[in-house]
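Comments concern the structure below.
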Amino acid sequence: KPHTGYYVVCPDDYKEAIAAIEEFRPIFEDEAIEEIGHNIKYDLTLLKWHGFEVKGKFMDTMIAHMMTEPEVNKLELDHLATLYLNYEKIPTSQLIGEKGDDQKSMRDVPLGQLAEYACEDADITLQISEVIRQSVSEREAEQLCYEVECPLTTVLVNMEYEGIRI
């Protein structure tokens, strides 16, 4: 639901973190639930390497944006938030600094700030997906986006996980 978000803390201990994520397995495995993300391949890969298979349909705002604006190669969520929502989101650099030797880890960010940042990312991604679906439809790119490109995400995740023989 737009303007709503929840942040779940994963403990530092690996077994405890997996147990926390395990609570979401029924959601991940429910093929009736559409997962929406920005560069969702990253999330699906991370989950796969930790024993979680995400099923169902996927909507990736990064891929959908490429279907609607192929000539624009700015794919970052911050850029899409400005482009589609006229909204400036919290930049990652505000939390951990600019890239370089002095950049902090997300683990160094106070929990309240981290939760606000993560919930905003999820909310903005959802809001962008609602707007970008209209653009995909206007460009008559639904079949390419939803039946080819987005489903290929799981193929790429599995190829990276399994590896390929060359």
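The values are calculated or read from the model by the stated rules, or taken from the named source; none is laboratory data. The model shown is predicted, which means the values in this text are computed figures rather than measured ones. Here the Cβ is made from the backbone with ideal geometry for all residues, glycine too, and neighbour counts use every protein chain on show. Accessible surface areas use protein heavy atoms only, side chains included; no ligands, DNA or RNA. Shrake-Rupley method; radii C 1.70, N 1.55, O 1.52, S 1.80 Å.
Entry remark, the range 28-53: residues being of a type outside the set (Asp, Glu), under 14 Å from the mean Cα position of the chain (by Cα) and under 27 Å from Arg139 (Cβ atoms) number 8 in total.
Please pick out the residue among Ile124, Ile128 that is within 15 Å of Thr68 (Cα to Cα) and surrounded by 15 or more Cβ atoms within 10 Å (Cβ to Cβ).
Values: Ile124 fails: within 15 Å of Thr68 (Cα to Cα).
Every option except Ile128 fails the conditions.
With respect to (1) more than 26 Å from Gly5 (Cβ to Cβ); (2) in a loop (DSSP other than H, G, I, E, B), the lone exception for Leu75 is condition (1). Within the range 107-121, restricting attention to residues that are loosely packed, with under 13 Cβ neighbours inside 10 Å and of a type in the set (D, E, K, R), which residue is farthest from Val9 (Cα to Cα)? The extreme case among them is Asp108.
Put simply, of Glu140, Glu147 the only residue that is of a type in the set (Asp, Glu), surrounded by fewer than 14 Cβ atoms within 10 Å (Cβ to Cβ), assigned to a helix (DSSP H, G or I) and out of contact with any Ser or Thr (no Cβ under 9 Å at 6 or more places or on another chain) is Glu147. Screening Tyr84 on (1) open to solvent by 80 Å² or more (accessible area, probe 1.4 Å); (2) under 24 Å from Leu144 (Cβ atoms); (3) part of a helix (DSSP H, G or I); (4) not charged (D, E, K, R) shows it passes everything except condition (1).
Considering (1) over 20 Å from Val155 (Cα atoms); (2) assigned to a helix (DSSP H, G or I); (3) at pLDDT below 95; (4) open to solvent by 60 Å² or more (accessible area, probe 1.4 Å), the lone condition that Ser93 does not fulfil carries the number (4). Just give me the residues in the range 146-164 being under 16 Å from the mean Cα position of the chain (by Cα) and of a type in the set (A, V, I, L, M, F, W, C), in sequence order. Result: Cys150, Leu152, Leu156, Val157. Restricting attention to the range 52-72 and to residues that are open to solvent by 30 Å² or more (accessible area, probe 1.4 Å) and assigned to a helix (DSSP H, G or I), the residue that is modelled with the lowest pLDDT turns out to be Met67. Scanning the range 9-51 for residues that are over 21 Å from Ala64 (Cα atoms), assigned to a loop (DSSP other than H, G, I, E, B), modelled with pLDDT of 95 or more and open to solvent by 80 Å² or more (accessible area, probe 1.4 Å) yields a total of 1.
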